[in-house]
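Let me begin by presenting the structure, written as structure tokens, before commenting on it.
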């Protein structure tokens with residue numbers, strides 16, 4: 001885990017406020033879309049296949065594996081104390 005920023009800098013607070021602000025703006029913009037873009041519709045026949053379930057489960061598993069490996073590598077690099085940039 002990343003330790004706290006230096007006392008008195010508020011660096012993590014500033015980054016957190018920025019990220020939350022971007023998220024709120026994105027949700028607000030999405031809520032203003034016309035209803036036809038918000039409603040779910042049935043899949044087109046080309047995508048209505050059992051292969052879509054296989055494809056999506058493999059894709060989700062691979063992205064999860066990559067994210068976990070990246071998290072472990074970043075954690076190991078930060079904990080070693082040799083971060084140069």
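The values are calculated or read from the model by the stated rules, or taken from the named source; none is laboratory data. The structure displayed is predicted, hence computed values, not measured ones. Positions of Cβ are generated from backbone atoms using ideal geometry, with glycine treated the same way; all protein chains shown enter the neighbour counts.
Could you list all residues from segment 10-39 that are farther than 25 Å from residue 71 by Cα, outside any helix (DSSP H, G or I) and modelled with pLDDT under 85?
Residues satisfying the conditions are 33, 34, 39.
Kindly establish whether residue 44 is touching a helix residue (DSSP H, G or I) at 6+ places or on another chain (Cβ under 7 Å) and at pLDDT below 90.
no
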